[in-house]
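**Q** For reference, the structure I am asking about is given below.
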Amino acid sequence: MEIVQRVYYFEGCLLLRNYNIDDGVRINMGVLVISGGYGLDGSTGIVAQAIVARTKSKGVDCDVFRNDIITLPLVGSPGCWNSESVSEYRSMVESSEGFILITPEYHGTMSSTMKLQLDWLGKDQVGGKPFALVSMLGGVSNTSSLNHMRHVVRWLGGWCTPEQIAIPGGRSHLSDDDLVDEGLSERLDGVLDSLIHAIEKLGN
Ligand SMILES: Cc1cc2nc3c(=O)[nH]c(=O)nc-3n(C[C@H](O)[C@H](O)[C@H](O)COP(=O)(O)O)c2cc1C
């Protein structure tokens with residue numbers, strides 16, 4: 001296996017990334033789920049935990065960033081620039097190879113919890129890394145929050161997979177720990193497979 005380091009520029013920023021150029025070799029990868037729900041309660045938490053279980057069952061390390069345990073300060077609030085929570089969060093992100101963003105849709109966009117978590121990141125942590133996108137809706141499926149997260153990831157220098165999923169109807173398609181709708185379940189697996197494929201292609 002040969003690892004090559006490529007240098008490229010994104011919006012005036014220098015990015016250094018290692019690429020595994022042997023497609024046949026599985027890369028040691030870790031995926032971090034960043035949830036726009038608070039903690040693991042609620043429908044977003046149920047699906048976030050299902051994503052962790054499904055990703056692990058595909059042989060890939062996966063965890064959720066616990067935003068209820070490590071509380072991030074509002075950007076600009078007193079002491080925020082030296083926050084230990086922010087440092088801890090950024091190190092978790094920096095050591096991850098790919099990300100799944102899952103947000104409840106609030107007033108047609110991602111939750112403020114999700115946006116705050118994205119605002120504490122930059123190209124140093126996520127530049128050149130792949131993202132998969134999931135939205136949770138009380139109403140019918142739409143791509144509004146997905147599009148908005150895709151837009152922000154582009155500003156962070158990340159790569160979003162083309163596959164994405166909007167899960168409609170609040171809890172109506174969920175059990176206590178997973179999706180029960182067969183079509184949605186297959187689509188979620190497709191999104192996760194696509195992310196794993198992207199991590200393998202982009203390398204570490
Ligand atoms: C403030 C607020 C705004 C919401 N706006 C929308 C919306 O624009 N579209 C929608 O489909 N659902 C909307 N909902 C419903 C939530 O997206 C939906 O119930 C979601 O599953 C909640 O996730 P949770 O159980 O993890 O909190 C809204 C809910 C709240 C609390």
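**Q** Picking from ARG171, ARG187, which residue would you name as being modelled with pLDDT of 95 or more, surrounded by fewer than 16 Cβ atoms within 10 Å (Cβ to Cβ) and closer than 21 Å to GLY45 by Cβ? Reasoning before the result, please.
**A** Details: ARG187 fails: surrounded by fewer than 16 Cβ atoms within 10 Å (Cβ to Cβ).
The match here is ARG171.
**Q** With the condition kept exactly as written, say whether any residue in the stretch 81-102 is under 19 Å from GLY39 (Cα atoms) and within 12 Å of the ligand (Cβ to nearest atom).
**A** Within the stretch 81-102, one or more residues are under 19 Å from GLY39 (Cα atoms) and within 12 Å of the ligand (Cβ to nearest atom).
**Q** Right, something else. Could you pull out the residue among VAL180, VAL153, VAL134 that is β-branched (Val, Ile, Thr), under 13 Å from the mean Cα position of the chain (by Cα), at pLDDT 95 or above and farther than 17 Å from GLY37 by Cβ?
**A** Working: VAL180 fails: under 13 Å from the mean Cα position of the chain (by Cα); VAL134 fails: farther than 17 Å from GLY37 by Cβ.
Of VAL180, VAL153, VAL134, the one residue that is β-branched (Val, Ile, Thr), under 13 Å from the mean Cα position of the chain (by Cα), at pLDDT 95 or above and farther than 17 Å from GLY37 by Cβ is VAL153.
**Q** If a residue has to be more than 8 Å from the ligand (Cβ to nearest atom), surrounded by fewer than 19 Cβ atoms within 10 Å (Cβ to Cβ) and either part of a helix (DSSP H, G or I) or of a type in the set (A, V, I, L, M) (or both) to count, how many in the stretch 34-49 make the cut?
**A** Result for the stretch 34-49: 2.
**Q** Please work out which one of (1) modelled with pLDDT of 95 or more; (2) surrounded by fewer than 18 Cβ atoms within 10 Å (Cβ to Cβ); (3) of a type outside the set (S, T, N, Q) is the condition VAL52 fails and give its number.
**A** With (1) modelled with pLDDT of 95 or more; (2) surrounded by fewer than 18 Cβ atoms within 10 Å (Cβ to Cβ); (3) of a type outside the set (S, T, N, Q) applied to VAL52, the lone miss is (2).
The values are calculated or read from the model by the stated rules, or taken from the named source; none is laboratory data. Just so we're clear, the structure is a prediction, and the values are computed from it rather than from any experiment. Quick reminder, even Gly has a Cβ in these numbers, built from the backbone with ideal geometry, and neighbours come from all protein chains shown.
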